[in-house]
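These notes concern the structure reproduced below.
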């Protein structure tokens with residue numbers, strides 16, 4: 001399935017049906033009272049959260065959503081039929097903005113949550129509604145309310161507990177595949193991951209968390225280089241940031257600082273999130289010098305930074321990483 005995280009759609013609610021002007025005409029009651037029914041309400045356009053969806057792909061190829069108009073009322077106090085609503089299903093983390101004003105209309109964060117995009121017009125009142133003791137034969141009714149039409153931007157920001165941050169080819173996809181049942185594309189060249197992927201990491205029965213493999217960041221990503229801004233936004237929703245940095249980098253500490261700078265340039269609030277480092281690819285170190293090498297690399301990071309040496313390929317350090325992430329998540333909730 002192709003990952004689509006940004007679409008623009010046009011929506012229009014239905015207009016309300018007009019109220020009727022009518023009078024009873026019975027055999028022995030030629031001048032009966034008013035019996036004009038109300039018009040039906042126009043259909044609305046509504047967003048609804050669906051946990052089974054992970055992309056906005058369906059809406060990319062179907063961008064116009066116009067609800068039915070309400071039907072007019074008629075005699076014998078018959079109300080017009082209301083127009084059907086249109087309910088558009090979207091993934092969790094969908095943010096909705098008015099294209100013209102850039103105002104945020106709302107966001108979808110829970111299964112079944114609904115967000116009104118365009119409210120259907122109310123039906124007009126028939127002349128029966130206006131009958132009073134002093135005005136027995138009103139000869140007027142209300143028109144239905146007009147429809148609402150607007151263009152909205154839907155932008156998906158992945159909702160995940162842990163977001164992986166790192167340069168291309170840092171081993172993020174391999175780590176996600178090792179910790180969860182997700183199977184992102186993996187290969188030994190930069191920019192293998194061209195779209196985010198979610199995986200569920202099981203800790204024990206009834207305990208799990210969601211991890212997001214965000215496409216690799218390059219220096220200058222916050223300025224739009226590489227995949228840059230296209231995917232940095234997904235990190236905003238993660239509870240914990242896990243920096244994946246190969247122990248084989250020329251200077252792993254410098255790599256970490258570059259990544260921090262890119263996050264800060266994009267959104268300084270990201271630096272307030274809890275963060276950890278997975279020092280990846282330790283299987284590539286000489287066995288006899290591995291501990292000494294890791295100790296030396298650790299010295300290039302802040303002393304209070306939580307660092308876990310791992311190898312997703314050799315399955316080293318993964319259980320500790322899994323539990324450390326879980327404990328950190330539990331602490332952040334408390």
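Throughout, read-outs are computed from the coordinates displayed, never taken from laboratory work. This one's a predicted model, so the numbers in the text were calculated from it and none came from an experiment. Cβ: placed from backbone, ideal geometry, glycine included. Neighbour counts: every protein chain shown.
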- Task: Could you tell me which label, among (i) 20.1; (ii) 23.5; (iii) 21.7, carries the value of Kirkwood radius over Cα pairs in Å calculated for this structure?
- Result: (ii)
- So which residue, out of 34, 252, 168, gets the largest mean-square fluctuation from a GNM of the chain using Cα contacts under 10 Å as springs? 34
- Item | Antiparallel bridges, percent of DSSP beta bridges restricted to the chain (to nearest 5) | 55
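What ranking do 113-126, 281-294 get when scored by the average of other Cβ atoms within 10 Å per residue, highest first?
Numbers: 113-126: 22.4, 281-294: 13.9.
Ranked by mean Cβ neighbours within 10 Å, highest first: 113-126, 281-294.
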- Descending principal axes extents, the range 1-156, alpha-carbon based, whole Å: 69, 29, 24
- Query: Can you sort 68, 251, 213 by how many other beta carbons sit within 10 Å, fewest first?
  - Reply: 251, 68, 213
- Per-residue Cβ neighbour rank within 10 angstrom, fewest leading, 165, 95: 95, 165
- If you build a Gaussian network model of the chain, linking Cα atoms that sit under 10 Å apart, which residue out of 208, 44, 173 swings the most? 208
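Rounded to the nearest 500, what is the 222 nm mean residue ellipticity of the chain from helices alone, with -39500 (n - 2.57) per DSSP H run of 4+ residues and division by all residues? Walk me through the numbers on the way to the answer.
Working: 6 runs with 60 residues, N = 334.
Result for the chain: -5500 deg cm²/dmol, rounded to the nearest 500.
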- Task: Compute the length gained on full extension between residue 61 and residue 323: take 0.36 nm times their separation in residues and subtract their Cα-Cα distance, giving the result in nm to one decimal.
- Result: 90.1 nm
- Message: Starting from a Cα-only point model with no solvent, please compute log10 I(q)/I(0) by Debye for the range 37-125 at q = 0.23, 0.24 1/Å.
- Response: -1.07, -1.12
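When only C-alpha pairs under 8 Å and at least 6 residues apart count, what is the relative contact order of the chain, in percent? Walk me through the numbers on the way to the answer.
On the way: 902 pairs, mean separation 51.2, N = 334.
It comes to 15 percent, rounded to a whole number.
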